[in-house]
Amino acid sequence: MVSVVTQRFIQCHHYLKENGLIRSSRQFALDIDYLPQNLNKVLKAEREVPMEVLRVAIEVFRLNPMFLYTGQGKMFLDDEDEQQFRLLTIVTDEADKEKIVHVPVPAQAGYAAESIQPEFVTELPAYTLPGYEFQFGSFRSFDVSGDSMLPYLNPGDKVVCSFVEPRDWLTAIKDNHVYVIVSRGAVVIKRVVNNIHRHRHLLLVSDNKEFQPYRLNISDLREVWYVKTKISVFDHSQMESNHDVNRQLSSLQEAVEEQKDLLYQLVNNSKIEQGDEN
């Protein structure tokens, strides 16, 4: 049984064919740079449609990603609808290996803009990290600003995140886990309660209780990034403070030991004096 995304892709293909918008399934396959024999297996529900094929089909035939991933809206985009959903732009190295794109604070407003262009993303800093978990998939890192996620995330920290496919929003967004949420005009880092299935929104919650939770409707949601790790600023003053505390604790422990020795001597002396009296 194929996924609902593949089923909706098949629906879109059939609509195009039945309405004479494509000459044949073979031509459709060639237009989206996909082998006709592989497309035939997809249309027979024998295999899933690959993500890259979906991406090209969205670009070429203006399939509506919201329809494909959530079942909401029309099958195809018009000029106005097309502004409500954007494809993920990636950056690769010379070996065609995807790099991690970093979105610093000054660029976050532009990153969340409705009219973001691929050139904007490709001009952002990009890098790689060691470790198997960063070798496969799409990743972004974001600067942490403000104090809404204290004490777990501090201003100046960076969070490294994996991309959550829109088709997985319904099931993959885990309650009370931390995500970077890109909406219309804003990039925020919050804990999330997933109410998409019941109420078509996410509840965004700050760790700092001075900030009130608020709802984000799915129609305003653009990208979801799951926080996998953080890169923290190394605070030398904090280390010195810790050393001071350790020294104080050590001195206190020495004082306690001295008091114990003194008390032991007093008790022993008292016993000796009592023995002499007897």
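Some observations on this one:
- Residue match in segment 201-223 (condition: closer than 27 Å to I58 by Cα, touching a residue at least 60 places away in the same chain (Cβ under 8 Å) and part of a helix (DSSP H, G or I)): yes
- Cross-chain or 6+ apart pairs with Cβ under 6 Å, segment 1-27 first and closer than 13 Å to F67 by Cβ, then buried (at least 17 other Cβ atoms within 10 Å of the Cβ) and charged (D, E, K, R): V5/R167
- In segment 155-164, the count of residues that are surrounded by fewer than 15 Cβ atoms within 10 Å (Cβ to Cβ) and at pLDDT 85 or above is one or more.
- Candidates R167, R200, filtered to the one that is among the charged types (D, E, K, R), farther than 24 Å from D235 by Cβ and surrounded by 15 or more Cβ atoms within 10 Å (Cβ to Cβ): R167
- Residue ID - farthest from T6 (Cα to Cα), chosen from residues in segment 52-72 that are loosely packed, with under 14 Cβ neighbours inside 10 Å and touching a helix residue (DSSP H, G or I) at 6+ places or on another chain (Cβ under 9 Å): V60
Residue by residue, here is whether (1) under 22 Å from P104 (Cα atoms); (2) within 13 Å of the chain's Cα centre (by Cα); (3) of a type in the set (S, T, Y) holds:
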| site | (1), (2), (3) |
| --- | --- |
| F139 | yes, yes, no |
| G146 | yes, no, no |
| P151 | yes, no, no |
| K158 | yes, yes, no |
| K174 | no, yes, no |
| I181 | yes, yes, no |
| R200 | no, no, no |
| K209 | no, no, no |
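- Residue list for segment 106-145, filter: more than 19 Å from D220 (Cβ to Cβ), in a helix (DSSP H, G or I) and in contact with a Phe, Trp or Tyr (Cβ under 9 Å, 6 or more places away or on another chain): A107, F120, V121
- Boolean, T92 is surrounded by 13 or more Cβ atoms within 10 Å (Cβ to Cβ) and β-branched (V, I, T): no
- Only listed residue being more than 22 Å from T171 (Cβ to Cβ) and modelled with pLDDT of 85 or more, chosen from L77, L54, L68, L35: L35
- Total residues in segment 162-200, condition in a helix (DSSP H, G or I) and not hydroxyl-bearing (S, T, Y): 10
- Criterion applied to E223, E210 was being acidic (D, E), loosely packed, with under 10 Cβ neighbours inside 10 Å and at pLDDT 75 or above, and the one residue passing it is E210.
The values are calculated or read from the model by the stated rules, or taken from the named source; none is laboratory data. The model shown is predicted, which means the values in this text are computed figures rather than measured ones. No Cβ is skipped: glycine too gets one built from the backbone with ideal geometry, and neighbour counts run over all protein chains shown.
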